[in-house]
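Worksheet for the structure shown next.
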Amino acid sequence: MSLHDFITGLPKAELHVHHVGSASPRIVSELAARHPGAGVPSDLEGLERFFTFRDFAHFIEVYLAVVDLVRTPEDVRTLTYEVAREMAEGQQLRYAELTCTPYTSVLRGIPIDPYTEAIEDARVAAERDFGLVLRWIYDIPGELGIPAADATLEYALEHRTDALVGFGLGGPEIGVPRAQFRERFERARAAGLHSVPHAGETTGPETIWESVRLLGAERIGHGCSAAQDPELLAHLAGSGIVLEVCPTSNVATRAVDRIEDHPLRSFVDAGVTVTINSDDPPMFATTLNHDYEVAAGLLDLDESGVAALARAAVDASFAPADVKARITGEIDDHLRRELFSPNP
């Protein structure tokens, strides 16, 4: 079995993947056809051009255009269920923490209760139909400031389901200091939600320090600039704070110039726990399988090393203990079959 085939069949968990950003051209095409006035092409060739990004700011612009296609609870349910289908059938995902940004949907006219009912209905159906366990991270769109933070916290605390496990912060980092969100993260953590902000994707190490010191981050989304600060790397390693690394995304948004320049190896060499993720896979023309292959190349990994990456994602997840044990067992079984299968 080739490493490509091994990764394709490897059971996985994913921790940094966005709800709307996971809409494939197939799903976007269906939503665009429902809402032809939104300005998003519904043909696949047009969508390919649409998803070609000039820089991070342009990516945000395109991302929000796709967000604007999700206008009804039925759209939310379709998006969630079809994303789950593609995760399970194409990437062998057994568990995913899907980052949702309910505030942007509420702004577009979907009240929080129907929104919550739609994602929950899709979650239950996805576990029944595909064997995929979904959990939610509610994400503050940082560029929309304190009103968005207050609303997202209210959704998390007053409309919470058992599937909501984390509280995050996304969107542009430049001009969006982490400190202003400190109180909201304190309240979310006091309610039992895990802190998982984005940081250090397009800004320097200080944004990561702020996320750790002020927001109580347990995992950091991206964290590319941590490689610039040996003291920070040592702190992340010593405190067990996980970096959610998204290699292909980082090149697509110009956070990293070339994949050869990605700091993944620096993280691992410093003893930082990393997980591999796809972020917004269709928008970046990637898949989780592809990002595992990229990571294997950057780290010179064989099948055992790739399986260790998959286990790290399970360990760093907020999944129930029985789910973690089941997926880890599946990873070990997959590796065992590879190691002990006769060579052709």
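Just so it is clear, none of the values below were taken in a lab; they were calculated from the coordinates. Since the structure is predicted, the reported quantities are computational estimates derived from the model, not experimental observations. Here the Cβ positions follow ideal geometry from the backbone for every residue, glycine too, while neighbour counts run over all protein chains shown.
The mean sequence separation of alpha-carbon pairs under 8 Å and at least six residues apart, normalised by the residue count of region 250-344, gives a relative contact order of 22 percent. Rounded to whole numbers, the Karplus 3J(HN,Hα) couplings from phi for region 71-83 are 10, 9, x, 4, 4, 4, 5, 4, 4, 5, 5, 6, 4 Hz, using 6.51 cos²θ - 1.76 cosθ + 1.60 with θ = phi - 60°, and x at Gly and Pro.
Give the value in nm², to one decimal: projected area of the alpha carbon convex hull of region 17-60, averaged over all directions. If you can, show how the numbers build up before the last one.
Working: hull surface 13.3 nm².
With the hull built on Cα positions only, its mean projection is 3.3 nm².
Using a Gaussian network model of the chain with C-alpha springs under 10 Å, which one of Phe50, Phe318, Phe130 is most mobile by mean-square fluctuation? In the Gaussian network model the winner is Phe50.
How large is the Kirkwood hydrodynamic radius of region 1-116, in angstrom, based on all distinct alpha carbon pairs? All intermediate terms of the calculation are to be shown ahead of the outcome.
Numbers: mean 1/r = 0.0653 Å⁻¹.
About 15.3 Å for region 1-116.
Using Cα-Cα distances under 8 Å and only pairs 6 or more residues apart, what relative contact order does region 1-141 have, in percent?
31
Dividing the alpha-carbon radius of gyration of the chain by the rule-of-thumb value 2.2 N^0.38 Å gives 0.94. Packing-based ranking of 216-229, 181-194 yields 216-229, 181-194, ordered from highest to lowest mean Cβ neighbour count within 10 Å.
Residues in region 163-168 carry Karplus couplings, in order, of 7, 7, 10, x, 10, x Hz; the curve used is 6.51 cos²θ - 1.76 cosθ + 1.60 with θ = phi - 60°, and Gly or Pro positions show x.
When Rg and Dmax are taken over the Cα atoms of region 257-311, they come to 11.2, 31 Å. Given springs between every Cα pair under 10 Å in a Gaussian network model of the chain, which of Pro147, Pro320, Pro177 has the largest fluctuation? Judging by the Gaussian network model, the answer is Pro320. Working note: Debye formula, equal point scatterers on the alpha-carbon atoms of region 27-87, no solvent; log10 I(q)/I(0) at q = 0.15, 0.19, 0.23, 0.29 Å⁻¹ is -0.46, -0.73, -1.01, -1.25. Dividing the Cα radius of gyration of region 146-254 by its Kirkwood radius returns 0.97 for Rg/Rh.
Look at the alpha carbon pairs under 8 Å that are at least 6 residues apart: their mean separation over the length of the chain gives a relative contact order of 19 percent.
Per DSSP helix of 4 or more residues, -39500 (n - 2.57); summed, then divided by the residues of the chain. What does that give at 222 nm, rounded to the nearest 500?
Numbers: 16 runs with 180 residues, N = 344.
Value at 222 nm, helices only, nearest 500: -16000 deg cm²/dmol.
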